[in-house]
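Please read the structure below before turning to the comments.
The values are calculated or read from the model by the stated rules, or taken from the named source; none is laboratory data. Here the structure is a predicted model, which means the values were calculated and not measured. Every residue, glycine among them, receives a Cβ derived from its backbone with ideal geometry; neighbour counts consider all protein chains shown. When the accessible area is computed, the model is the full protein with side chains, heavy atoms only, and any ligands, DNA or RNA have been set aside. Shrake-Rupley method; radii C 1.70, N 1.55, O 1.52, S 1.80 Å.
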Amino acid sequence: MFNCSCSSKKAKRIALSFIPIASWLPNYRFKEWILSDIISGVTTGLVAVLQGLAYALLANVSPGYGLYTSFFPVVVYFFLGTSKHISAGPFPVVSLMVGSVVANLVPDDTASSGNSTVTNSTNEDLINDQRIIVAASLTFLVGIIQLALGLLRVGFIVIYLSEPLINGFTTAAAIEVVISQLKYIFGLKVSSYSGPLSNFYVLESIFTQITKTVVADLIIAIIVMICVYIVKELNARYKSKLPVPIPIEIIMTIIAAGVSYAFNFKDKYNVNIVGTIQRGFQAPVAPSISVFQACIANSFSIAIVGFAVAFSVAKVYAIKHNYTINGNQELIAFGLSNILCGSFKGFAASTSLSRSSVQESTGGKTQVAGIISGLLVLIVTLAVGYLLEPLPKSVLAAIICVNLKGMLMKFNEIPVLFKRDKYDCLVWVLTFIASVVLGLDLGLAVGVGIELLTVVFRVQFPKFAVIANIEQTDIYRNRKDYNDICEPKGLKIFRCPSPIFFANSAFFKDKLIAAVGFNPLWVLRKRNKALRKIKKLVKKGELHVTARGVVCTSYDYRESDDEDELDNNRIEELDQPINTADLPMVIDWNADLPNNIQVPRVELHSLILDFGAVSFIDITGMKALKGILKEFMKVDVDTYIVAADSSVVEKLKKSSFFDDDIQTSIFFLTVHDAVLHVLEKKGMEHALKSGMHKETDNLFFINGGAGQNIYSELNVGNETKF
């Protein structure tokens, strides 16, 4: 039977995890924080109003609906969010992705209705209403996806969006935002495009109509951009001296709206203005199922991007102010925010770094500042929104473009990434290109695919290295990086920097063979062939042992006499261990053999594999490792494995990796322990201290006098510096 009881503490902990406000609001320091939160909330609210109007243009809906996106997410996040400093609401990249879907499903009246999911209409008001329904339904679906991901506890999905990918993607989005705002800056009527090459179609349409530019719109945009840029630079330069940044966007908006109303810019100069902003909130609407069916893929992309941006901004402030955030709860908060926002005809929300920066830099302590900013948006929506109706859209477009400076400056990352990590640079550049050319939704998919490919390449083709000892230390590093480094003769230390599994096991074997300088299997076969020839000489009596040593009486034995036989007859025997038990002598394979029999000389006597970075090994990797270890052992090369993780060793034990040849005694804790063991075993204890070592005595062949080859036993001290 299962125990389904739940303690009161556990129930309380679960409840608090889903409603974070219940844990932090009772601990709110009212006297210390309320004034700072009020100042921060009012300042952030003014920015939120302006950004709501501006980013609605990116979403291809009427500006007034941007106020809904600046209000509802703030209210929901106040109760359910875990970050104290981010400002929920519209974000340019997410708004642009929504606008792309809206333009695709509800084209302009000049576009063909053949490729539209929603019925196209020549009536502009009807088109706007349809676009609002599409944006709201899309937002509702985005919220459902985010809520489902949060409830399923898969907030970790954001880790698959690396910083280079996000930066390349957002930079491409910034370019697309600028292109989308050019029609308002020049006062042109440009059809909405979506899908691959849409940016180029928009630019083509703009340049073909450039002579129809509304000069008043262009002049207004230029003046606003210059003023906003200069003041924002002053804000950044004198940040420490200014108690609150100068709200230049708000100032320019109020001035532009007043001047436009006073001089009737719309009628006199044909300036495109914001137009009617409805007072109050409209009744909630049910989402369109047909829109769900048409944009399921786009909604998933928007859900992921919106959450990734919000989570990354929240993480920045969490680290700065030393508190924790919950990724799964953030998904739930933004999911419910978008569901509510979509129900009231808003568009998808995330968070804006600039708006969050205002909330944090003006003294915001908690989400009380966020709810106060929401109340300000509510006042504008209910009472004073109509005052912004004369505002030229070119003002909003100019403010949007200037605020994209931070995103566009990310181009400076390319040379830095190229120097630090070519793979990350490749992800950045290709994600950017794909997003600009194919559109943001396909560009994001391409970027994720490229990023996963780079992970595969990093693991499949890791950078193996031969390491050696730094003099007078127990530290071992890549021998290419140091000058004063010791490598005892006959000893190789090979570092493996990645797991060994089916995808890189062959590469691991090839790199190990390249590092030691010979293929042990090939050497084994050569030695077995030579052994057969020597045994034939002994059997024929042409090679025998005398008091003077080993003497060969044959002079005309040729290398190719039985080459065909050795290659084709019982070839599998060549891979067996060398058996010299029935010979009357000991063969040194690094010495001269009788009758010019040639075998590769192997100076290596010990091989150490550094497995400190091997986090796992699969069945294919184990087979490859066991095979190569046995091949080295068959040619008299001792092999050792060091720094292996306990989980790797345990898996090797469970998989019957060990046998009579490969035993657990080949494992050492550190590289230095293994090196000391090898030096002691080979009688080279002084090697690391003096840089010298002495080979052990060997029986080997030498050339005799005229008329015969004589092989005798000599003691030779072979000293070599390393």
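Remarks
- Reported count of residues in the stretch 331-367, each being open to solvent by less than 20 Å² (accessible area, probe 1.4 Å), in a helix (DSSP H, G or I) and not hydroxyl-bearing (S, T, Y), is 10.
- Scanning the stretch 500-526 for residues that are touching a helix residue (DSSP H, G or I) at 6+ places or on another chain (Cβ under 7 Å) and outside any helix (DSSP H, G or I) turns up I500, F501, F502, A503, N504, N519.
- Within the stretch 31-72, the set of residues being small (G, A, S) and under 32 Å from the mean Cα position of the chain (by Cα) comprises A48, G52, A54, A56, A59, S70.
- S373 under 21 Å from L96 (Cβ atoms) and of a type in the set (S, T, N, Q): no
- Across the stretch 241-269, the number of residues qualifying as of a type in the set (F, W, Y) and under 12 Å from L391 (Cβ atoms) comes to 2.
- Residues in the stretch 37-66 that are β-branched (V, I, T), open to solvent by 10 Å² or more (accessible area, probe 1.4 Å) and part of a helix (DSSP H, G or I) were compared, and the one that is nearest to G342 (Cα to Cα) is V49.
- Test result for M633, under 31 Å from the mean Cα position of the chain (by Cα), not charged (D, E, K, R) and not in a loop (DSSP other than H, G, I, E, B): no
- Number of positions in the stretch 99-126 that are at pLDDT below 85, surrounded by 18 or more Cβ atoms within 10 Å (Cβ to Cβ) and closer than 30 Å to S337 by Cβ: 2
- Qualifying residues in the stretch 447-459 (those that are open to solvent by 50 Å² or more (accessible area, probe 1.4 Å), touching a helix residue (DSSP H, G or I) at 6+ places or on another chain (Cβ under 8 Å) and not basic (K, R)) - the one nearest to F518 (Cα to Cα): F457
- For the stretch 378-391, the criterion of being more than 24 Å from I273 (Cβ to Cβ) and surrounded by fewer than 20 Cβ atoms within 10 Å (Cβ to Cβ) is met by none of the residues.
- Residue count, the stretch 230-253 (criterion: surrounded by fewer than 16 Cβ atoms within 10 Å (Cβ to Cβ) and either touching a Pro at 6+ places or on another chain (Cβ under 7 Å) or under 15 Å from V395 (Cα atoms) (or both)): 2
- Whichever residue in the stretch 270-310 is among the aromatic types (F, W, Y) and over 28 Å from T381 (Cα atoms) and, among such residues, is surrounded by the most Cβ atoms within 10 Å (Cβ to Cβ): F300
- Failed condition for N595, given (1) assigned to a loop (DSSP other than H, G, I, E, B); (2) farther than 21 Å from K511 by Cβ: (1)
- Inter-residue pairs, beta-carbon under 6 Å, first closer than 23 Å to W428 by Cβ and in the stretch 173-200, second of a type in the set (S, T, Y) and open to solvent by less than 20 Å² (accessible area, probe 1.4 Å), 6+ apart: none
- Members of the stretch 213-260 found to be part of a loop (DSSP other than H, G, I, E, B) and at pLDDT below 90, listed by number: Y238, K239, S240, K241, L242, P243, V244, P245, I246, P247
- Meets criteria (closer than 28 Å to F632 by Cβ, open to solvent by less than 60 Å² (accessible area, probe 1.4 Å) and touching a residue at least 60 places away in the same chain (Cβ under 8 Å)) for I467: yes
- Screening P520 against (1) at pLDDT 75 or above; (2) surrounded by fewer than 18 Cβ atoms within 10 Å (Cβ to Cβ); (3) within 47 Å of the chain's Cα centre (by Cα); (4) of a type outside the set (A, V, I, L, M, F, W, C) leaves a single unmet condition, (2).
- Any pair with Cβ under 7 angstrom, 6 or more apart, that starts in the stretch 604-625 at a residue that is in contact (Cβ under 8 Å) with a residue 12 or more places away in the chain and open to solvent by less than 50 Å² (accessible area, probe 1.4 Å) and ends at one that is among the charged types (D, E, K, R) and in a helix (DSSP H, G or I): I617/K651; A624/K509
- F657 being open to solvent by less than 10 Å² (accessible area, probe 1.4 Å), farther than 19 Å from L491 by Cβ and out of contact with any Cys (no Cβ under 9 Å at 6 or more places or on another chain): yes
- Test: S505 is modelled with pLDDT of 80 or more, polar (S, T, N, Q), closer than 30 Å to V648 by Cβ and touching a Ser or Thr at 6+ places or on another chain (Cβ under 6 Å): yes
For every residue, the table says whether it meets (1) of a type in the set (S, T, N, Q); (2) in contact (Cβ under 8 Å) with a residue 24 or more places away in the chain; (3) in contact with a Lys or Arg (Cβ under 8 Å, 6 or more places away or on another chain).
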site	(1), (2), (3)
S299	yes, yes, no
V313	no, yes, no
Y317	no, yes, yes
Y323	no, yes, yes
G342	no, yes, no
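- If you filter the stretch 615-630 down to residues that are assigned to a loop (DSSP other than H, G, I, E, B) and not acidic (D, E), you find that the one that is farthest from Y476 (Cα to Cα) is F616.
- Members of the stretch 148-162 that are touching a residue at least 12 places away in the same chain (Cβ under 8 Å), part of a helix (DSSP H, G or I) and open to solvent by 40 Å² or more (accessible area, probe 1.4 Å): A148, L151, F156, I157, Y160
- The set of residues in the stretch 397-432 that are touching a Gly at 6+ places or on another chain (Cβ under 8 Å), more than 18 Å from V94 (Cβ to Cβ) and not aromatic (F, W, Y) comprises V427, V429, L430.
- Of the residues making up the stretch 175-193, those that are open to solvent by 40 Å² or more (accessible area, probe 1.4 Å) and modelled with pLDDT under 90 are K189, Y193.
- Any hit, the stretch 531-542, residues being modelled with pLDDT under 85, open to solvent by 70 Å² or more (accessible area, probe 1.4 Å) and under 36 Å from the mean Cα position of the chain (by Cα): no
- Subset of the stretch 144-162 [within 14 Å of V305 (Cβ to Cβ) and either among the β-branched types (V, I, T) or touching a Leu at 6+ places or on another chain (Cβ under 8 Å) (or both)]: I145, Q146, L149, I157, V158, Y160
- Filter result for D267 (surrounded by 14 or more Cβ atoms within 10 Å (Cβ to Cβ), in a helix (DSSP H, G or I) and over 35 Å from the mean Cα position of the chain (by Cα)): no
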